[in-house]
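Everything below concerns the one structure shown next.
The values are calculated or read from the model by the stated rules, or taken from the named source; none is laboratory data. All of these numbers come straight from a predicted model, not from anything done at the bench. All Cβ positions, glycine included, derive from the backbone under ideal geometry; neighbour counts span all protein chains shown. These area figures cover heavy atoms from the full protein model, side chains too; ligands, DNA and RNA do not enter into them. Shrake-Rupley method; radii C 1.70, N 1.55, O 1.52, S 1.80 Å.
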Amino acid sequence: MRLIVKWIALCWASWFLIGCSQSNEKKIGIIVPIEHQSLNDIVTGFTTTLHELSPVPVQIKVMNAHGDLNVQRAIIQQMKGQYDIIVPIGMAATQMTLSLIKQQPIISLASLYTEQDRKSQQPCHIAVVHDEISPVQIVNFIHQAYPGITQMSLLHSPAEKIFPQVEVAIEAGKKLGITIKPVMITALSELHTAANALPENIQAILVLKDYLIASGINTLAITAEKRHIPVIAADQGSVQEGASFALGVNEREIGVEGAKLAVAILRGESACSLPIVDMTQLTVFINPISLTKEQQRIESIDAAAKRLQYQVEVLQVKK
């Protein structure tokens, strides 16, 4: 009889502890707008760091919209009221999340959301990690590395945040004697045709921090190899997937900084009270295999990075 009583007591204790653990567990939802290596790196940095630092048990759910806005909207609706913190990646995903979520804390990663934007919100419930690189910095670096370039094509999506950056890049090019011709792609399926139709006189292909175009970087790499010209990007992930080189930030660190914001929120701080985090340490990421295929040299890129005091990281990528 005593054994039975002890067994029942142990069962109740186990049930109580499990119940307490489940009740204390916080749910974090990450919204990935499209499949791309840079976004995967951000997610890895966030999830790894949060599991290490979180003051409470956390369950992290990562959902990928694969470039479909309807799917993205459905993901956000699914997370509404069910998750303690929602983490959209990129400006477009952030804007959609804010339009649908009015109460839950939001941590926006790799977006352009500003302090002025936060002040206009009622109520304000968003924390932010920036990572955008000025197109002026990118164009200036290209000119340092390839002073002979006078013609470039800039492929871009119709994303609202991209148009101002395209204009800034074009103006920066004019000041350096570089004609930058914009080419808009509305769907990934158009990229192959557009790449093959680029003018014969272009000397480089430029892609900004534009997730739609970056997700098709392999297509651009094939065109670049045929023409013996570089594909220049603005993020580490694109270089890992075929771009020649990029001026950007370590994508994983964006996730790490976002996880630190999540820890502060889990400790009771308001998302809107947390300072916006800027990623200021720029790195030149280089893909030596792509450069070899395009008959480009690494030395001029490395020398330009040293002159401008940028870190250099030569990535180990698959052939």
Taking segment 141-164 only, how many residues are open to solvent by 20 Å² or more (accessible area, probe 1.4 Å) and under 26 Å from THR94 (Cβ atoms)? 6
May I ask you to verify whether ILE301 is aliphatic (A, V, I, L, M), more than 19 Å from the chain's Cα centre (by Cα), closer than 27 Å to LEU191 by Cβ and modelled with pLDDT of 95 or more? yes
Kindly indicate whether any position in segment 228-246 is of a type in the set (Asp, Glu), closer than 19 Å to VAL136 by Cα and touching a helix residue (DSSP H, G or I) at 6+ places or on another chain (Cβ under 7 Å). yes
Among the candidates LEU155, LEU69, single out the residue that is without any contact (Cβ under 8 Å) to a residue 60 or more places away in the chain and under 30 Å from THR223 (Cα atoms). LEU69
Cβ-Cβ distance below 6 Å, separation of 6 or more or different chains: which pairs start in segment 221-232 with a residue that is closer than 13 Å to ALA194 by Cα and in contact (Cβ under 8 Å) with a residue 24 or more places away in the chain and end on one that is open to solvent by 80 Å² or more (accessible area, probe 1.4 Å) and in a helix (DSSP H, G or I)? none
Give me the pairs, please: first residue somewhere in segment 240-252 and under 20 Å from LEU50 (Cα atoms) and open to solvent by less than 10 Å² (accessible area, probe 1.4 Å), second residue anywhere and among the hydroxyl-bearing types (Ser, Thr, Tyr) and not in a strand (DSSP E or B), beta-carbon distance under 7 Å, and either six or more positions apart or on two chains. GLU251/SER38
Kindly indicate the residue of segment 125-159 that is in a loop (DSSP other than H, G, I, E, B) and under 16 Å from the mean Cα position of the chain (by Cα) and also modelled with the lowest pLDDT among those meeting that condition. GLU132
(1) crowded, with 18+ Cβ neighbours inside 10 Å; (2) not in a strand (DSSP E or B); (3) not small (Gly, Ala, Ser) all hold for VAL168 apart from (1)
Do you know which residues across segment 258-274 are within 11 Å of THR49 (Cβ to Cβ) and surrounded by 21 or more Cβ atoms within 10 Å (Cβ to Cβ)? GLY258, ALA259, LEU261, ALA262
Would segment 12-31 turn up any residue that is of a type outside the set (Ser, Thr, Tyr), surrounded by 11 or more Cβ atoms within 10 Å (Cβ to Cβ), under 21 Å from LYS209 (Cα atoms) and modelled with pLDDT of 95 or more? yes
Determine which single condition SER99 fails, assuming it passes every other condition in (1) surrounded by fewer than 19 Cβ atoms within 10 Å (Cβ to Cβ); (2) in contact (Cβ under 8 Å) with a residue 12 or more places away in the chain. (2)
Yes/no for VAL231 being closer than 26 Å to ALA93 by Cβ and modelled with pLDDT of 95 or more: yes
Being modelled with pLDDT of 95 or more and open to solvent by less than 90 Å² (accessible area, probe 1.4 Å) is the filter; apply it to segment 66-76 and report the residue that is nearest to ILE106 (Cα to Cα). ILE76
Anything in segment 173-222 that is more than 28 Å from ASN64 (Cα to Cα), open to solvent by 10 Å² or more (accessible area, probe 1.4 Å) and assigned to a helix (DSSP H, G or I)? List them, or say none. LYS174, LYS175, ASN196
